[in-house]
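This report concerns only the one structure given below.
The values are calculated or read from the model by the stated rules, or taken from the named source; none is laboratory data. It should be emphasised that the depicted structure is a prediction, and the values quoted were computed from it without experimental measurement. All Cβ positions, glycine included, derive from the backbone under ideal geometry; neighbour counts span all protein chains shown.
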Amino acid sequence: MLFIDRYLSIQRRLQGTTAEPKLVAISHFQLLNGARAVVTAFGIKKDQTLACALPLFRLPIFALVCLSPFLTDSRSVFPEPQPLPRSLFASVNKYKCSTLLTNGAALRLLLKISETQRVKLDSIEQILLLGDRVSKDALKSIQKQADNVKIIAVGYMLTETGSIPIMGDATTDFTRMVGRAIAGYETHLNPLSGDGEVKPGQLGLLQIRVYYGSTFMGYAPDTSGKDKWVDTGDVARMDEEGSIEIVANKEDLIYDNNNGLVEHWNIERLLNQNDLIKGVQVVSIGRGQPVTAVCVLRNSQTNISHVRSELVAMCKKHMFPVPDRFAFVHDFPRIHTKIQKYRIREMLREGRISVF
(Lines give C-alpha, C1' and ligand atoms only; values in the text may rest on other atoms or scores of the structure.)
Protein backbone atom coordinates (compact mmCIF):
# COMPACT_ATOMS: atom_id res chain seq x y z
CA MET A 1 0.00 0.00 0.00
CA LEU A 2 1.37 3.42 -0.95
CA PHE A 3 0.34 6.61 0.83
CA ILE A 4 1.50 9.92 -0.63
CA ASP A 5 1.32 13.41 0.82
CA ARG A 6 3.11 16.62 -0.03
CA TYR A 7 6.37 15.69 1.64
CA LEU A 8 6.80 11.95 1.80
CA SER A 9 5.73 8.60 0.47
CA ILE A 10 5.02 5.83 2.98
CA GLN A 11 5.21 2.32 1.66
CA ARG A 12 3.79 -0.58 3.61
CA ARG A 13 5.68 -3.83 3.46
CA LEU A 14 2.81 -6.12 2.65
CA GLN A 15 4.46 -9.09 4.37
CA GLY A 16 7.64 -9.59 6.36
CA THR A 17 10.30 -12.12 5.42
CA THR A 18 12.58 -11.73 8.45
CA ALA A 19 10.16 -10.06 10.90
CA GLU A 20 6.70 -8.55 11.13
CA PRO A 21 5.85 -5.95 8.43
CA LYS A 22 6.09 -2.23 9.11
CA LEU A 23 5.67 1.13 7.42
CA VAL A 24 8.68 3.05 6.15
CA ALA A 25 8.78 6.73 5.21
CA ILE A 26 10.61 7.84 2.07
CA SER A 27 10.79 11.32 0.59
CA HIS A 28 9.96 12.15 -3.02
CA PHE A 29 13.57 13.34 -3.36
CA GLN A 30 14.80 9.84 -2.52
CA LEU A 31 12.35 8.10 -4.85
CA LEU A 32 13.07 10.27 -7.87
CA ASN A 33 16.82 10.49 -7.45
CA GLY A 34 17.07 6.83 -6.48
CA ALA A 35 15.33 5.82 -9.70
CA ARG A 36 17.56 8.22 -11.65
CA ALA A 37 20.67 6.65 -10.08
CA VAL A 38 19.56 3.14 -11.08
CA VAL A 39 18.61 4.23 -14.60
CA THR A 40 22.06 5.79 -15.01
CA ALA A 41 23.94 2.84 -13.48
CA PHE A 42 22.13 0.28 -15.61
CA GLY A 43 22.18 2.40 -18.75
CA ILE A 44 18.47 2.67 -19.54
CA LYS A 45 18.23 5.19 -22.37
CA LYS A 46 15.70 6.98 -24.53
CA ASP A 47 13.59 4.78 -26.82
CA GLN A 48 14.47 1.57 -24.93
CA THR A 49 11.63 -0.65 -23.69
CA LEU A 50 11.82 -2.33 -20.28
CA ALA A 51 9.87 -5.57 -19.71
CA CYS A 52 9.15 -6.29 -16.05
CA ALA A 53 8.74 -9.94 -15.05
CA LEU A 54 8.36 -9.10 -11.35
CA PRO A 55 5.39 -7.98 -9.23
CA LEU A 56 5.32 -4.25 -8.48
CA PHE A 57 4.64 -4.49 -4.73
CA ARG A 58 8.34 -3.94 -3.97
CA LEU A 59 8.93 -0.18 -3.90
CA PRO A 60 12.34 -0.26 -5.69
CA ILE A 61 10.74 -2.16 -8.60
CA PHE A 62 7.72 0.14 -8.64
CA ALA A 63 9.92 3.24 -8.69
CA LEU A 64 12.20 1.95 -11.46
CA VAL A 65 9.43 0.67 -13.73
CA CYS A 66 7.08 3.63 -13.27
CA LEU A 67 9.60 6.49 -13.16
CA SER A 68 12.01 5.38 -15.91
CA PRO A 69 9.71 6.60 -18.72
CA PHE A 70 9.55 10.07 -17.16
CA LEU A 71 13.30 10.23 -16.59
CA THR A 72 14.53 8.90 -19.93
CA ASP A 73 11.62 8.77 -22.42
CA SER A 74 11.91 4.99 -22.31
CA ARG A 75 8.90 2.64 -22.12
CA SER A 76 7.93 0.10 -19.46
CA VAL A 77 5.86 -3.03 -20.09
CA PHE A 78 4.47 -5.16 -17.26
CA PRO A 79 2.16 -7.84 -18.74
CA GLU A 80 0.68 -9.09 -15.46
CA PRO A 81 1.13 -8.50 -11.71
CA GLN A 82 2.82 -11.88 -11.33
CA PRO A 83 6.45 -12.99 -10.98
CA LEU A 84 6.15 -14.99 -14.22
CA PRO A 85 3.67 -13.28 -16.58
CA ARG A 86 2.05 -15.74 -18.97
CA SER A 87 2.12 -13.21 -21.81
CA LEU A 88 5.73 -12.11 -21.25
CA PHE A 89 7.10 -13.65 -24.45
CA ALA A 90 4.30 -12.12 -26.51
CA SER A 91 4.88 -8.73 -24.88
CA VAL A 92 8.64 -8.84 -25.46
CA ASN A 93 8.12 -9.67 -29.13
CA LYS A 94 5.27 -7.19 -29.68
CA TYR A 95 7.00 -4.21 -28.09
CA LYS A 96 10.56 -5.23 -29.05
CA CYS A 97 11.65 -5.02 -25.42
CA SER A 98 15.39 -4.52 -25.08
CA THR A 99 15.66 -4.75 -21.29
CA LEU A 100 14.34 -7.48 -18.98
CA LEU A 101 13.82 -6.96 -15.25
CA THR A 102 13.49 -10.25 -13.35
CA ASN A 103 15.06 -12.41 -10.63
CA GLY A 104 17.01 -15.65 -10.56
CA ALA A 105 14.05 -17.95 -9.85
CA ALA A 106 11.81 -16.40 -12.51
CA LEU A 107 14.65 -16.36 -15.04
CA ARG A 108 15.26 -20.10 -14.61
CA LEU A 109 11.59 -20.77 -15.41
CA LEU A 110 11.61 -18.34 -18.33
CA LEU A 111 14.65 -19.99 -19.87
CA LYS A 112 13.14 -23.44 -19.36
CA ILE A 113 9.93 -22.36 -21.11
CA SER A 114 11.97 -20.70 -23.85
CA GLU A 115 13.92 -23.89 -24.47
CA THR A 116 10.83 -26.13 -24.39
CA GLN A 117 8.83 -23.92 -26.75
CA ARG A 118 11.89 -23.09 -28.85
CA VAL A 119 11.29 -19.39 -28.45
CA LYS A 120 14.20 -16.97 -28.23
CA LEU A 121 14.19 -13.54 -26.63
CA ASP A 122 15.93 -12.00 -29.63
CA SER A 123 15.20 -8.35 -28.82
CA ILE A 124 16.53 -8.53 -25.25
CA GLU A 125 19.92 -6.83 -24.92
CA GLN A 126 20.10 -6.23 -21.17
CA ILE A 127 18.99 -8.28 -18.16
CA LEU A 128 18.79 -6.92 -14.62
CA LEU A 129 18.43 -9.63 -11.96
CA LEU A 130 17.18 -8.56 -8.55
CA GLY A 131 17.37 -10.32 -5.22
CA ASP A 132 18.78 -13.81 -5.67
CA ARG A 133 22.21 -15.07 -6.58
CA VAL A 134 22.57 -16.26 -10.14
CA SER A 135 23.55 -19.86 -10.76
CA LYS A 136 26.24 -20.82 -13.26
CA ASP A 137 23.66 -22.86 -15.18
CA ALA A 138 21.43 -19.79 -15.54
CA LEU A 139 24.34 -17.74 -16.90
CA LYS A 140 25.07 -20.43 -19.48
CA SER A 141 21.39 -20.57 -20.47
CA ILE A 142 21.28 -16.80 -20.97
CA GLN A 143 24.23 -16.98 -23.34
CA LYS A 144 22.63 -19.87 -25.21
CA GLN A 145 19.04 -18.63 -25.50
CA ALA A 146 19.37 -14.84 -25.56
CA ASP A 147 21.95 -14.31 -28.29
CA ASN A 148 21.83 -10.53 -28.27
CA VAL A 149 22.31 -9.97 -24.54
CA LYS A 150 25.27 -7.64 -24.06
CA ILE A 151 24.78 -6.53 -20.47
CA ILE A 152 23.84 -8.66 -17.50
CA ALA A 153 23.64 -7.03 -14.09
CA VAL A 154 22.51 -7.97 -10.60
CA GLY A 155 20.97 -5.66 -8.04
CA TYR A 156 20.27 -5.44 -4.31
CA MET A 157 16.94 -3.84 -3.41
CA LEU A 158 16.36 -1.86 -0.22
CA THR A 159 12.89 -0.55 0.60
CA GLU A 160 14.30 2.07 2.97
CA THR A 161 15.98 3.77 0.01
CA GLY A 162 13.21 3.04 -2.48
CA SER A 163 15.97 2.05 -4.85
CA ILE A 164 18.56 -0.52 -5.92
CA PRO A 165 21.62 1.00 -4.21
CA ILE A 166 23.98 -1.90 -4.96
CA MET A 167 24.53 -3.27 -8.46
CA GLY A 168 27.01 -5.59 -10.11
CA ASP A 169 28.07 -5.67 -13.74
CA ALA A 170 29.75 -8.26 -15.96
CA THR A 171 32.94 -8.05 -13.86
CA THR A 172 31.04 -9.28 -10.79
CA ASP A 173 30.93 -12.92 -9.70
CA PHE A 174 27.13 -13.19 -9.90
CA THR A 175 27.13 -16.56 -8.14
CA ARG A 176 28.39 -14.88 -4.93
CA MET A 177 28.31 -11.09 -5.07
CA VAL A 178 25.55 -8.50 -5.53
CA GLY A 179 27.95 -5.78 -6.63
CA ARG A 180 29.07 -2.36 -5.37
CA ALA A 181 27.30 0.82 -4.32
CA ILE A 182 26.15 2.84 -7.33
CA ALA A 183 26.75 6.59 -7.64
CA GLY A 184 24.83 8.49 -4.96
CA TYR A 185 25.09 5.73 -2.32
CA GLU A 186 27.73 4.36 0.04
CA THR A 187 28.15 1.05 1.88
CA HIS A 188 29.77 0.27 5.23
CA LEU A 189 30.16 -2.80 7.44
CA ASN A 190 29.89 -2.62 11.23
CA PRO A 191 31.37 -5.39 13.42
CA LEU A 192 28.95 -8.13 14.45
CA SER A 193 29.74 -7.38 18.08
CA GLY A 194 31.75 -4.67 19.78
CA ASP A 195 33.82 -1.94 18.20
CA GLY A 196 36.58 -2.09 15.64
CA GLU A 197 37.05 -2.27 11.92
CA VAL A 198 35.70 -4.92 9.57
CA LYS A 199 38.51 -5.92 7.24
CA PRO A 200 38.00 -7.16 3.65
CA GLY A 201 36.62 -10.70 3.69
CA GLN A 202 35.32 -10.46 7.27
CA LEU A 203 31.66 -10.57 8.25
CA GLY A 204 29.89 -7.40 9.27
CA LEU A 205 26.47 -5.75 9.47
CA LEU A 206 25.69 -3.95 6.23
CA GLN A 207 24.77 -0.27 6.34
CA ILE A 208 23.81 1.82 3.31
CA ARG A 209 23.92 5.59 3.17
CA VAL A 210 20.70 6.98 1.70
CA TYR A 211 20.87 9.01 -1.49
CA TYR A 212 23.36 11.87 -1.30
CA GLY A 213 21.82 15.00 0.21
CA SER A 214 18.87 13.23 1.86
CA THR A 215 18.13 11.56 5.20
CA PHE A 216 16.25 8.42 6.22
CA MET A 217 12.90 9.51 7.66
CA GLY A 218 12.33 6.33 9.68
CA TYR A 219 9.48 3.93 10.34
CA ALA A 220 5.89 4.89 11.15
CA PRO A 221 4.61 6.31 13.41
CA ASP A 222 7.87 8.28 13.91
CA THR A 223 8.80 9.66 10.49
CA SER A 224 10.91 12.58 11.65
CA GLY A 225 14.23 10.74 11.50
CA LYS A 226 17.40 12.45 10.30
CA ASP A 227 19.73 9.47 9.96
CA LYS A 228 21.89 9.27 6.87
CA TRP A 229 22.68 5.57 7.24
CA VAL A 230 20.21 2.68 7.13
CA ASP A 231 20.76 -0.61 8.94
CA THR A 232 19.84 -3.20 6.32
CA GLY A 233 19.69 -6.10 8.76
CA ASP A 234 21.94 -8.14 6.48
CA VAL A 235 25.23 -9.80 7.37
CA ALA A 236 27.72 -9.37 4.55
CA ARG A 237 31.32 -9.50 3.39
CA MET A 238 33.08 -6.82 1.37
CA ASP A 239 36.17 -7.40 -0.75
CA GLU A 240 38.96 -4.90 -1.38
CA GLU A 241 37.14 -3.48 -4.44
CA GLY A 242 33.99 -2.82 -2.42
CA SER A 243 31.92 -5.69 -3.83
CA ILE A 244 29.33 -7.03 -1.40
CA GLU A 245 28.39 -10.65 -0.67
CA ILE A 246 25.16 -11.05 1.31
CA VAL A 247 25.54 -13.99 3.69
CA ALA A 248 22.51 -13.99 6.01
CA ASN A 249 20.11 -11.81 7.97
CA LYS A 250 21.28 -10.77 11.43
CA GLU A 251 18.07 -12.15 13.00
CA ASP A 252 19.02 -15.59 11.65
CA LEU A 253 22.51 -15.71 13.20
CA ILE A 254 23.24 -18.71 15.42
CA TYR A 255 25.63 -18.70 18.38
CA ASP A 256 26.73 -21.79 20.30
CA ASN A 257 27.25 -22.23 24.06
CA ASN A 258 30.68 -20.62 23.80
CA ASN A 259 29.24 -17.59 22.00
CA GLY A 260 30.88 -18.75 18.79
CA LEU A 261 29.18 -18.02 15.48
CA VAL A 262 27.73 -21.08 13.74
CA GLU A 263 27.95 -20.45 10.00
CA HIS A 264 24.57 -21.97 9.24
CA TRP A 265 24.60 -20.77 5.62
CA ASN A 266 27.51 -23.11 4.85
CA ILE A 267 25.67 -26.04 6.43
CA GLU A 268 22.59 -25.22 4.35
CA ARG A 269 24.56 -25.04 1.10
CA LEU A 270 26.14 -28.41 1.83
CA LEU A 271 22.98 -30.25 2.86
CA ASN A 272 20.96 -28.77 -0.01
CA GLN A 273 23.13 -30.85 -2.34
CA ASN A 274 21.58 -34.05 -0.96
CA ASP A 275 19.08 -35.60 -3.39
CA LEU A 276 16.86 -36.88 -0.56
CA ILE A 277 15.65 -33.39 0.37
CA LYS A 278 14.15 -30.45 -1.49
CA GLY A 279 15.59 -27.93 0.92
CA VAL A 280 16.88 -27.26 4.43
CA GLN A 281 16.86 -24.32 6.84
CA VAL A 282 19.24 -24.36 9.80
CA VAL A 283 17.92 -22.39 12.77
CA SER A 284 18.14 -21.93 16.54
CA ILE A 285 15.62 -20.32 18.89
CA GLY A 286 18.27 -18.51 20.94
CA ARG A 287 21.91 -18.20 21.95
CA GLY A 288 23.27 -21.50 23.15
CA GLN A 289 20.09 -23.33 22.15
CA PRO A 290 20.21 -26.50 20.01
CA VAL A 291 20.89 -26.04 16.30
CA THR A 292 18.05 -27.56 14.27
CA ALA A 293 18.09 -28.51 10.60
CA VAL A 294 14.51 -28.24 9.31
CA CYS A 295 14.17 -30.25 6.09
CA VAL A 296 11.63 -30.80 3.33
CA LEU A 297 11.76 -34.33 1.94
CA ARG A 298 11.81 -34.89 -1.81
CA ASN A 299 9.70 -38.02 -1.27
CA SER A 300 7.37 -38.00 1.74
CA GLN A 301 7.62 -41.80 1.98
CA THR A 302 11.38 -41.76 2.56
CA ASN A 303 12.56 -43.15 5.89
CA ILE A 304 13.34 -40.19 8.15
CA SER A 305 16.03 -42.02 10.12
CA HIS A 306 17.86 -42.85 6.91
CA VAL A 307 17.74 -39.23 5.73
CA ARG A 308 18.99 -38.00 9.09
CA SER A 309 21.92 -40.44 8.97
CA GLU A 310 22.80 -39.33 5.44
CA LEU A 311 22.80 -35.64 6.40
CA VAL A 312 24.87 -36.25 9.52
CA ALA A 313 27.39 -38.22 7.46
CA MET A 314 27.65 -35.34 4.94
CA CYS A 315 28.47 -32.86 7.69
CA LYS A 316 31.09 -35.14 9.22
CA LYS A 317 32.68 -35.90 5.85
CA HIS A 318 33.14 -32.20 5.07
CA MET A 319 34.04 -31.38 8.68
CA PHE A 320 31.04 -29.09 9.16
CA PRO A 321 29.22 -28.74 12.49
CA VAL A 322 26.50 -31.37 12.80
CA PRO A 323 23.07 -29.94 13.74
CA ASP A 324 21.93 -31.03 17.20
CA ARG A 325 18.45 -31.86 15.95
CA PHE A 326 16.60 -32.53 12.72
CA ALA A 327 13.00 -31.80 11.82
CA PHE A 328 10.93 -32.59 8.74
CA VAL A 329 8.09 -30.49 7.35
CA HIS A 330 5.94 -30.56 4.21
CA ASP A 331 7.13 -27.09 3.17
CA PHE A 332 8.62 -23.90 4.58
CA PRO A 333 6.50 -20.87 5.46
CA ARG A 334 6.97 -18.39 2.64
CA ILE A 335 5.86 -15.05 1.33
CA HIS A 336 6.39 -14.26 -2.35
CA THR A 337 8.77 -17.27 -2.66
CA LYS A 338 10.91 -15.99 0.25
CA ILE A 339 11.32 -18.38 3.19
CA GLN A 340 10.31 -16.87 6.54
CA LYS A 341 12.88 -18.17 8.99
CA TYR A 342 11.40 -16.24 11.90
CA ARG A 343 8.19 -18.24 11.50
CA ILE A 344 10.17 -21.50 11.51
CA ARG A 345 11.69 -20.42 14.83
CA GLU A 346 8.23 -19.58 16.17
CA MET A 347 6.96 -23.02 15.16
CA LEU A 348 9.88 -24.70 16.94
CA ARG A 349 9.44 -22.54 20.03
CA GLU A 350 5.74 -23.38 20.21
CA GLY A 351 6.32 -27.10 19.64
CA ARG A 352 4.48 -27.18 16.31
CA ILE A 353 7.41 -28.98 14.66
CA SER A 354 8.59 -32.37 15.91
CA VAL A 355 12.35 -32.74 16.24
CA PHE A 356 14.54 -35.84 16.23
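What the table shows:
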| read-out | value |
| --- | --- |
| Selection status of VAL283, touching a residue at least 24 places away in the same chain (Cβ under 8 Å), crowded, with 20+ Cβ neighbours inside 10 Å and not aromatic (Phe, Trp, Tyr) | yes |
| Count - residues of region 41-53 that are of a type in the set (A, V, I, L, M, F, W, C) and farther than 19 Å from ASN93 by Cβ | 3 |
| THR159 vs. criteria assigned by TED's automatic domain parsing to the domain that holds SER214, among the polar types (S, T, N, Q), within 30 Å of ARG209 (Cα to Cα) and buried (at least 19 other Cβ atoms within 10 Å of the Cβ) | no |
| Test: residue in region 191-205 that is assigned by TED's automatic domain parsing to the domain that holds ASN103 and within 18 Å of THR159 (Cβ to Cβ) | yes |
| Every residue from region 301-332 that is within 30 Å of ARG58 (Cβ to Cβ) and either crowded, with 16+ Cβ neighbours inside 10 Å or not assigned by TED's automatic domain parsing to the domain that holds GLU268 (or both) | VAL329, PHE332 |
| Among (1) crowded, with 16+ Cβ neighbours inside 10 Å; (2) over 30 Å from GLU241 (Cα atoms); (3) free of Cβ contacts under 8 Å to residues at least 40 places away in the same chain - the single one THR116 does not satisfy | (1) |
| Condition check for THR175: hydroxyl-bearing (Ser, Thr, Tyr), assigned by TED's automatic domain parsing to the domain that holds THR161 and part of a strand (DSSP E or B) | no |
| Set GLU251, GLU240: member being among the acidic types (Asp, Glu) and without any contact (Cβ under 8 Å) to a residue 60 or more places away in the chain | GLU240 |
| Pick from region 190-220, criterion surrounded by fewer than 16 Cβ atoms within 10 Å (Cβ to Cβ) and among the small types (Gly, Ala, Ser), ranking: farthest from ARG269 (Cα to Cα) | GLY213 |
| Odd one out for GLY155, checked against (1) in contact with a helix residue (DSSP H, G or I) (Cβ under 7 Å, 6 or more places away or on another chain); (2) in a strand (DSSP E or B); (3) among the small types (Gly, Ala, Ser) | (1) |
| Within region 3-61, strands (runs of 3 or more DSSP E) holding 3 or more residues that are modelled with pLDDT of 75 or more, over 22 Å from LYS341 (Cα atoms) and not aromatic (Phe, Trp, Tyr) | 23-27, 49-52 |
| Which listed residue is surrounded by fewer than 20 Cβ atoms within 10 Å (Cβ to Cβ) and over 28 Å from THR232 (Cα atoms), from PHE57, PHE89 | PHE89 |
| Residue list for region 252-270, filter: of a type in the set (D, E, K, R), surrounded by fewer than 17 Cβ atoms within 10 Å (Cβ to Cβ) and out of contact with any strand residue (DSSP E or B) (no Cβ under 7 Å at 6 or more places or on another chain) | ARG269 |
| Candidates THR187, THR223 - the one that is assigned by TED's automatic domain parsing to the domain that holds ALA41, surrounded by 14 or more Cβ atoms within 10 Å (Cβ to Cβ) and in contact (Cβ under 8 Å) with a residue 60 or more places away in the chain | THR223 |
| Single condition THR232 does not satisfy, out of (1) crowded, with 19+ Cβ neighbours inside 10 Å; (2) outside any strand (DSSP E or B) | (2) |
| Count of residues meeting criterion [basic (Lys, Arg) and in contact with a Lys or Arg (Cβ under 6 Å, 6 or more places away or on another chain)] in region 293-339 | 1 |
| Residue selected from region 235-249 under the condition part of a loop (DSSP other than H, G, I, E, B) and of a type in the set (D, E, K, R), by the criterion surrounded by the fewest Cβ atoms within 10 Å (Cβ to Cβ) | GLU240 |
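Each row is one residue, and each column tells you yes or no for (1) farther than 16 Å from ILE127 by Cα; (2) more than 22 Å from the chain's Cα centre (by Cα).
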| position | (1), (2) |
| --- | --- |
| PHE42 | no, no |
| GLN48 | no, yes |
| ARG58 | yes, no |
| PHE62 | yes, no |
| SER87 | yes, yes |
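Every residue, every condition in (1) within 25 Å of ILE335 (Cβ to Cβ); (2) free of Cβ contacts under 8 Å to residues at least 12 places away in the same chain; (3) not assigned by TED's automatic domain parsing to the domain that holds ASN33, yes or no:
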position	(1), (2), (3)
PRO55	yes, no, no
ARG58	yes, no, no
PHE70	no, yes, no
SER91	no, no, no
LEU100	yes, no, no
